[in-house]
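Notes follow once the structure below has been shown.
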Amino acid sequence: MEDYLQLFVEETNFYNRILLGNVLPNHWWEPLPHYLQTWIRNYIAGTLVYFISGVLWCLYIYKWKRNVYVPKGLAVQVEQLRFRLHLEKQLVWNHALGIEAVKEFGDVKAREGLLGTLFYPSKILSAVDAIPSVKAMILQITVAMKAMPWYVVLPTISEYMVERGWMRCFSRISDVGLPLYLIYLAVYLTIVEFGIYWTHRELHDIKPLYKYLHATHHIYNKQNTLSPFAGLAFHPLDGILQAVPHVIALYVVPTHFTTHIVLLFIEGVWTANIHDCIHGKFWPVMGAGYHTIHHTTYRHNYGHYTIIMDWLFGTLREPVSELSKVK
């Protein structure tokens, strides 16, 4: 048993040498305890994954493919805006800009906004082409980086527990065979999906949890404030709670150690993906089209990788139905 557990220690030592040995002087990290080396490695790796995935995603959707990936819901809103402008234009002409004549269209600021767009058509163009501001993305990065040192405590602890033999992990796929590995992986992902769904849902349903934890993430609730950098912009405890199912799964199902580590860090890429407001339309994947609805209604689409749990527990709302309602 001790010899087998040593395989996990050797593997984490290998990861530490690969990353820390290439970014830090050896005399800085080699004297440190193993668990602290692991935490530093996870912090550096998590930060790199966050920035590389966020920057590449933003360059792709906001610069290289800007004309392709206009949020669909926004285009519908613009058409609705143009129709309202047409009606208001008639009222303005008929009533000589009388403010009472346009009362039915909302408050004064809303009317002024519509009138401003009427006389300055460039505002319509900027609305169509809306993307998150640099200020919004910097705010998201700031929140995520404040939380990052705490986020990586979880994988550091899970690795420590695996090295001590407290988890049901195996070191090599050949130890169980490929078919059984794939079965275990499917069970692991199902546990993670179920756990994240209910954790996320309770972070909304339990008011103190929402107020003091999850509300930090939900200040990004419009298509022009959501960006890939919002994916990890959580209160630290919120982010940890939503990742805990990855660790719980290790107690329940035998799991390949390397696969577990990879899946934890893939979270950084996945959360960037579901916050870009681009609907991938690949059932049953929880694409950004579904998750954007979650950020605007707060009561639907709590799932993580897929929409299956939302479908099972009655919280699914389809992006297509949302667009048809606006139309």
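Every listed requirement among (1) under 30 Å from D3 (Cα atoms); (2) of a type in the set (S, T, N, Q); (3) free of Cβ contacts under 8 Å to residues at least 12 places away in the same chain is met by T255 save one, (3). Among residues of the stretch 264-277 that are small (G, A, S), none has a beta-carbon under 7 Å from a residue that is surrounded by fewer than 24 Cβ atoms within 10 Å (Cβ to Cβ) and in a loop (DSSP other than H, G, I, E, B) at least six positions away or on a different chain.
I'd like the residue in the stretch 258-279 that is of a type in the set (A, V, I, L, M) and under 25 Å from Q6 (Cα atoms) and, out of all such residues, is modelled with the lowest pLDDT. That would be L264. Of all residue pairs spaced 6 or more apart or on separate chains, those with beta-carbon atoms under 6 Å, a first member in the stretch 33-52 that is more than 18 Å from V143 (Cα to Cα) and a second member that is open to solvent by 70 Å² or more (accessible area, probe 1.4 Å) and not small (G, A, S) are Y35/Y160. Taking the stretch 26-40 as the range and being farther than 13 Å from I157 by Cα and part of a helix (DSSP H, G or I) as the test, the residues that pass are N26, H27, W28, W29.
The values are calculated or read from the model by the stated rules, or taken from the named source; none is laboratory data. Just so it is clear, the model here is predicted, and its values are computed rather than measured. All Cβ positions, even for glycine, are placed from backbone atoms using ideal geometry, and neighbour counts span all protein chains on display. SASA here: full protein model, heavy atoms, side chains in, ligands and nucleic acids out. Shrake-Rupley method; radii C 1.70, N 1.55, O 1.52, S 1.80 Å.
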